[in-house]
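Let me begin by presenting the structure, written as structure tokens, before commenting on it.
The values are calculated or read from the model by the stated rules, or taken from the named source; none is laboratory data. All values reported here derive from a predicted model rather than from experimental measurement. All Cβ positions, glycine included, derive from the backbone under ideal geometry; neighbour counts span all protein chains shown.
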Amino acid sequence: MRKHLMTVTAVLLMAMLCQTVAAADNTTQVDTDPLTVNGTDQIKDPVVLVIHSSTSSKMTNDAAKKVMDLINPSQPGYDPENKSTWTVRFEVRTTAQIASMNPEELRALIESADIVIAEWLFDSGNFRNVMNAYPEIASNRSNKIFMVLESDPDLTSMSQINGVRIFDGIPSSVIGNTDTKNTILYDLKNSNESRLMAYVNTYP
């Protein structure tokens, strides 16, 4: 669990707090090495899907664009018109957009991502239905990270890295949700490193 929590924390920081990176001046050096998932495996040129509420998604979308504009042009062969040449690509969607997608569109969107972070789904029916019908899309890519920060325990339990469910064997009361203090999801959302390491020691 240690590596999983550290990886998820890193992804959350990248996807939801990346505005701090974007605010750096032009002399800031950015580590563009592939994201390390464990000691040997990596995600290369990741596509990151972030699902947020309408209020939060604008901030995330603006920050993600700044990060892409900062990192991608520095790479050899970069073509702004060809997304396949981008080192990192964010796809940000609102919960309303997710709810209005037809199942095949949503399935394709989740399938195309190397990292999926879903938070504040509100009406999670469409997302849940697609995941129940096609559970394999949570692990269809090598070292895929699929993380759901949601009060729905069925969705949260689908969270996994490279096909390994990260919350297996952990009581639901400890997993909690993003609004309940002293739970894993709350502390992940708030990047409480000391508490996360305490979970690692309790659930190695």
Result of the Cβ filter at 9 Å on the range 125-140, keeping first residues that are of a type in the set (D, E, K, R) and partners that are modelled with pLDDT under 95 and crowded, with 18+ Cβ neighbours inside 10 Å, at least 6 apart or interchain, is Arg128/Leu121; Arg128/Leu155
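Ile51: assigned to a helix (DSSP H, G or I), modelled with pLDDT of 80 or more and either over 25 Å from Glu136 (Cα atoms) or of a type in the set (A, V, I, L, M) (or both), yes or no? Step through it out loud before you land on a result.
Details: assigned to a helix (DSSP H, G or I): no; modelled with pLDDT of 80 or more: yes; either over 25 Å from Glu136 (Cα atoms) or of a type in the set (A, V, I, L, M) (or both): yes.
Answer is no for this residue.
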Note down all Cβ pairs under 6 Å where the first residue falls in the range 183-204 and is under 19 Å from Pro153 (Cα atoms), the second is surrounded by 14 or more Cβ atoms within 10 Å (Cβ to Cβ) and aromatic (Phe, Trp, Tyr), and they're at least six residues apart or on different chains.
-> Ile184/Tyr199
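Output yes when any residue across the range 163-176 is modelled with pLDDT under 85 and not small (Gly, Ala, Ser), and no when none is. It would help to see each step written out before you state the result.
Keep residues of the range 163-176 that are modelled with pLDDT under 85, which gives none.
Checked against the condition, which is being modelled with pLDDT under 85 and not small (Gly, Ala, Ser), the range 163-176 yields no hits at all.
Return the residue satisfying two criteria in turn: it lies in the range 179-197 and is in a loop (DSSP other than H, G, I, E, B) and either closer than 20 Å to Ile110 by Cβ or not polar (S, T, N, Q) (or both), and of such residues it is farthest from the chain's Cα centre (by Cα). Full working, then the answer.
Going through the range 179-197, the residues in a loop (DSSP other than H, G, I, E, B) turn out to be 179-183, 190-192.
Next, only the ones that are either closer than 20 Å to Ile110 by Cβ or not polar (S, T, N, Q) (or both) stay: 179, 181.
Values: Asp179: 18, Lys181: 21 Å.
Among them, the one singled out is Lys181.
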Six or more apart or on different chains, Cβ under 9 Å: which pairs go from a residue in the range 50-70 that's loosely packed, with under 15 Cβ neighbours inside 10 Å to one that's small (Gly, Ala, Ser) and part of a helix (DSSP H, G or I)? Could you list them?
-> Ser54/Ala96; Asp62/Ala22; Lys65/Ala22; Asp69/Ala22
Does the range 76-90 contain any residue that is touching a helix residue (DSSP H, G or I) at 6+ places or on another chain (Cβ under 6 Å) and of a type in the set (S, T, N, Q)?
-> yes
Filter the range 130-188 down to the residues that are more than 20 Å from His52 (Cβ to Cβ) and aromatic (Phe, Trp, Tyr), then identify the one that is surrounded by the fewest Cβ atoms within 10 Å (Cβ to Cβ).
-> Tyr134
Pairs under 9 Å by beta carbon, first residue more than 15 Å from Ala63 (Cα to Cα) in the range 86-98, partner acidic (Asp, Glu) and surrounded by fewer than 18 Cβ atoms within 10 Å (Cβ to Cβ), six or more apart or different chains?
-> Trp86/Asp45; Trp86/Asp79; Thr87/Asp45; Thr95/Asp123; Ala96/Asp123; Ile98/Asp123
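Which residues, counting only those in the range 140-189, are of a type in the set (S, T, N, Q) and within 23 Å of Gly125 (Cα to Cα)?
Of all residues in the range 140-189, those of a type in the set (S, T, N, Q) come to 140, 142-143, 151, 156-157, 159-160, 162, 172-173, 177-178, 180, 182-183.
Of everything in the range 140-189, those that are of a type in the set (S, T, N, Q) and within 23 Å of Gly125 (Cα to Cα) turn out to be Asn140, Ser151, Thr156, Ser157, Ser159, Gln160, Ser172, Ser173, Asn177, Thr178, Thr180.
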Which numbered condition Thr85 fails, given (1) modelled with pLDDT under 85; (2) over 21 Å from Ser159 (Cα atoms); (3) not hydrophobic (A, V, I, L, M, F, W, C) | (1)
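Have a look at Gln19, Gln29 and point out the one that is over 24 Å from Asn143 (Cβ atoms), within 16 Å of the chain's Cα centre (by Cα), at pLDDT below 85 and of a type outside the set (Gly, Ala, Ser).
On the way: Gln29 fails: within 16 Å of the chain's Cα centre (by Cα).
Result: Gln19 is the single residue among Gln19, Gln29 that is over 24 Å from Asn143 (Cβ atoms), within 16 Å of the chain's Cα centre (by Cα), at pLDDT below 85 and of a type outside the set (Gly, Ala, Ser).
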